[in-house]
1. Does segment 154-168 hold any residues that are surrounded by fewer than 21 Cβ atoms within 10 Å (Cβ to Cβ) and either in contact with a strand residue (DSSP E or B) (Cβ under 7 Å, 6 or more places away or on another chain) or on the phi > 0 side of the Ramachandran plot (or both), and which are they?
2. Under 7 Å between Cβ atoms, at least 6 apart or on separate chains: pull out the pairs that start in segment 229-241 with a residue that is over 19 Å from residue 321 (Cα atoms) and end on any residue that is of a type in the set (Phe, Trp, Tyr) and outside any strand (DSSP E or B).
3. Residues in segment 206-226: is at least one of a type in the set (Asp, Glu) and not assigned by TED's automatic domain parsing to the domain that holds residue 310?
4. Mind listing just one residue for me: the one in segment 271-310 that is without any contact (Cβ under 8 Å) to a residue 24 or more places away in the chain and not in a loop (DSSP other than H, G, I, E, B) and, of those, surrounded by the fewest Cβ atoms within 10 Å (Cβ to Cβ)?
5. How many residues does segment 81-129 hold that are of a type in the set (Gly, Ala, Ser) and over 15 Å from the mean Cα position of the chain (by Cα)?
6. Considering only segment 281-290, I want to know if a residue exists there that is polar (S, T, N, Q) and farther than 14 Å from residue 314 by Cβ.
7. Check segment 325-333 and report whether any residue there is crowded, with 17+ Cβ neighbours inside 10 Å, closer than 17 Å to residue 212 by Cβ and touching a helix residue (DSSP H, G or I) at 6+ places or on another chain (Cβ under 8 Å).
8. Give me the pairs, please: first residue somewhere in segment 255-266 and more than 14 Å from residue 283 (Cβ to Cβ), second residue anywhere and part of a loop (DSSP other than H, G, I, E, B) and acidic (Asp, Glu), beta-carbon distance under 9 Å, and either six or more positions apart or on two chains.
Amino acid sequence: MNVTCNTTFLNFDPKLPNITIFATGGTIAGNGSSNTNYTSGVFSVEDLIYAVPSIKNISNVVGDQVSNVGSEDVNSTILLDLSKKINQCVCEDDAMSGAVVTHGTDTLEETAFFLDATLNCSKPVVIVGAMRPASAISADGPYNLIESVTVAVSKDARNRGALVVMNDRIVSTYYVTKTNANTMDTFKAVEMGNVGQVIGGTPYFFFPPTLPTGRSTYNISEINSIPRVDILYSYQDMQNETIYDTVNRGAKGIVIAGAGAGGVSTRFNDAIEDVVNNYSIPVVQSFRTGSGEVPYAEIASTSSTHIASGYLNPQKSRILLGLLLAEKKSLTEIAGAFAKGTAG
């Protein structure tokens, strides 16, 4: 895939660092009559930047419109395009200090995790969204955007992997999740906490640069598609047909949002082992609880290779499994990659 980098600065002061803002759409670019009645992805990246004129005092900005959709319509094609652009246009460009990605909040954590896993870059990459559309009273998008640019130009933000910045919080993308469907204070790492805050326009980090346990990065420069991975939700009376249906419809990997620490019924466990042993399809057992961990010891079996998600929720487990399948990793290699982020 040929990547075209936009090099047109919307403002330029030679004394300031350079940032590219990659826009994908979402509520932050939304327009409508209320906080709940609006259309995502209406305003362009230039509209978002010009709405916050003080950005020009912080950084020289290039705007790149990757897509303009609600985050529910972000797919692996957009993710590959976005990641390759950031790798080439920011990571490999010595003139660029970092990147900001504007995104809808519903699937923001998935894109953020994908970028964290595919960017071979020590520069800050910040993912940002909004819980209120740009047209709303007290819209949070402009405030979040300028804080994200502030973090992206900070040397203290380097070597931390990709970060999510919203509502004054700085959170690792490896652990962050959307915890509330409606409120602004929604993106949190429940057990791990924030890595920092933005106070009075200044990023403050609680710890020196460090990377999450279990984090790995993958080279996608030669990858043009991600194999299909489906998520199945565990519940009482869950039927075995659900896992066979997803196999028959073309899934190359499966993630189970299990009860508790990855739990499924005895019958469904037998179906998992059949799919792994006879169809050679990896199955990752995660949790439906919102936070927690699935240790390997909880799901281990002597008759099949079970894969524990560790601290990765189902949606992030799906992203990682898709990347590993795209790299044609074996079942043993996939299990080993997930094991890096488990307690045991």
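The values are calculated or read from the model by the stated rules, or taken from the named source; none is laboratory data. Values in this document were obtained by computation on a predicted structure and should not be read as measured data. For neighbour counting, all protein chains shown are included, and Cβ atoms are generated from backbone atoms with ideal geometry for every residue, glycine included.
1. The first filter runs over segment 154-168 and keeps only residues surrounded by fewer than 21 Cβ atoms within 10 Å (Cβ to Cβ), leaving 155-156, 158-159, 167-168.
Within segment 154-168, 156, 159, 167, 168 qualify.
2. Close Cβ pairs satisfying both conditions: 238/268; 240/268.
3. Within segment 206-226, one or more residues are of a type in the set (Asp, Glu) and not assigned by TED's automatic domain parsing to the domain that holds residue 310.
4. 278
5. Within segment 81-129, the subset of a type in the set (Gly, Ala, Ser) is 83, 95, 97-99, 104, 112, 117, 122, 129.
Among the residues that remain, those that are also over 15 Å from the mean Cα position of the chain (by Cα) are: 95, 97-98, 122.
Of the residues in that region, 4 qualify.
6. First, pick out the residues of segment 281-290 that are polar (S, T, N, Q): 285-286, 289.
Narrowing the set further to residues that are farther than 14 Å from residue 314 by Cβ leaves none.
Looking through segment 281-290, none of the residues is polar (S, T, N, Q) and farther than 14 Å from residue 314 by Cβ.
7. Within segment 325-333 (the criterion being crowded, with 17+ Cβ neighbours inside 10 Å, closer than 17 Å to residue 212 by Cβ and touching a helix residue (DSSP H, G or I) at 6+ places or on another chain (Cβ under 8 Å)), the answer is no, since none of the residues qualifies.
8. Correct list of pairs: 261/293; 265/237.
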